[in-house]
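One structure coming up, written as C-alpha cells, with questions to follow.
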Amino acid sequence: MVCRDCGVPAPVRSSRWRRFIHTPLGKAGVHLLVHCRRYECRGCGGAWEDDLSRVAADGRRLTEAAVWWAVASVVLDAMSVRSVAMTLGLFLVKLVFRFGGGDVLLDSGVLVL
C-alpha cells in the first residue's frame with residue numbers, strides 16, 4: 001500500500017477483525033468476519049485502515065443489505081421490531097425507529113427511518 005499523502009510505501013502496522021451483520025438466511029442471522037489491516041507511513045507518519053465502505057458505510061455494524069432487509073421486513077412483511085432485532089442478532093434496546101428526514105440509516109445497531 002502506498003501513502004495517499006506522500007507516496008511512500010507504507011507497511012502494515014497491525015490488523016483486526018471486524019464483525020458485520022448481514023441479511024439472514026431463513027431465521028439464522030449471518031455475521032461477516034472481515035480482516036481489516038492498519039497501515040502507517042514511515043515518511044509522513046500518517047495512519048489509515050483498509051476501506052470497508054463497500055461492506056458498511058461510516059463504521060456501521062450492519063451492511064446496507066441488512067438495513068433494507070430490516071425495513072422491508074417491518075414495512076412489507078409486518079414483522080415486529082423485536083422479531084427483526086432477534087433475527088439479526090441485535091439487542092432490542094438498540095433497535096430504534098425514528099421518523100423524519102426520509103433516509104434509512106442503520107448505525108451501530110440503531111435503525112433510523
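The values are calculated or read from the model by the stated rules, or taken from the named source; none is laboratory data. Remember, predicted model here, so these are calculated numbers, not experimental data. No Cβ is skipped: glycine too gets one built from the backbone with ideal geometry, and neighbour counts run over all protein chains shown.
For VAL34, only one of the following conditions fails: (1) surrounded by fewer than 13 Cβ atoms within 10 Å (Cβ to Cβ); (2) closer than 25 Å to LEU90 by Cα. What is its number?
Among (1) surrounded by fewer than 13 Cβ atoms within 10 Å (Cβ to Cβ); (2) closer than 25 Å to LEU90 by Cα, VAL34 violates only (1).
So, in region 1-31, of the ones that are in a strand (DSSP E or B), of a type in the set (A, V, I, L, M) and modelled with pLDDT under 90, which residue ends up farthest from ALA70 (Cα to Cα)? Let's see the steps before the verdict.
Initially, region 1-31 is screened for residues in a strand (DSSP E or B), giving 2, 9, 12-25, 28-31.
Going one step further and asking which of them are of a type in the set (A, V, I, L, M), we end up with 2, 12, 21, 25, 28, 30.
Those left that are additionally modelled with pLDDT under 90: 2, 21, 25, 28, 30.
Working: VAL2: 38, ILE21: 11, LEU25: 13, ALA28: 14, VAL30: 13 Å.
Within region 1-31, the match that is farthest from ALA70 (Cα to Cα) is VAL2.
Report whether or not VAL84 is buried (at least 16 other Cβ atoms within 10 Å of the Cβ), of a type outside the set (S, T, N, Q), touching a residue at least 12 places away in the same chain (Cβ under 8 Å) and at negative phi. Lay out the reasoning, then the answer.
On the way: buried (at least 16 other Cβ atoms within 10 Å of the Cβ): yes; of a type outside the set (S, T, N, Q): yes; touching a residue at least 12 places away in the same chain (Cβ under 8 Å): yes; at negative phi: yes.
Yes: the conditions hold for VAL84.
In the list ARG42, ARG61, ARG98, which residue meets the criterion of being under 30 Å from VAL2 (Cα atoms) and at pLDDT below 85?
On inspection, the qualifying residue turns out to be ARG61.
Considering only residues of region 16-30 that are surrounded by fewer than 13 Cβ atoms within 10 Å (Cβ to Cβ) and not hydrophobic (A, V, I, L, M, F, W, C), which is nearest to ALA57 (Cα to Cα)? Break it down stepwise before answering.
To start, the set of residues in region 16-30 that are surrounded by fewer than 13 Cβ atoms within 10 Å (Cβ to Cβ) comprises 16-17, 19, 25-28.
From what's left, not hydrophobic (A, V, I, L, M, F, W, C): 16, 19, 26-27.
Working: ARG16: 18, ARG19: 13, GLY26: 25, LYS27: 25 Å.
The selected residue is ARG19.
This table checks each residue for (1) part of a loop (DSSP other than H, G, I, E, B); (2) under 11 Å from the mean Cα position of the chain (by Cα).
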{"residue": "HIS35", "(1), (2)": "no, no"}
{"residue": "TYR39", "(1), (2)": "no, no"}
{"residue": "GLY43", "(1), (2)": "yes, no"}
{"residue": "ALA66", "(1), (2)": "no, yes"}
{"residue": "VAL71", "(1), (2)": "no, no"}
{"residue": "ASP77", "(1), (2)": "yes, no"}
{"residue": "VAL84", "(1), (2)": "no, no"}
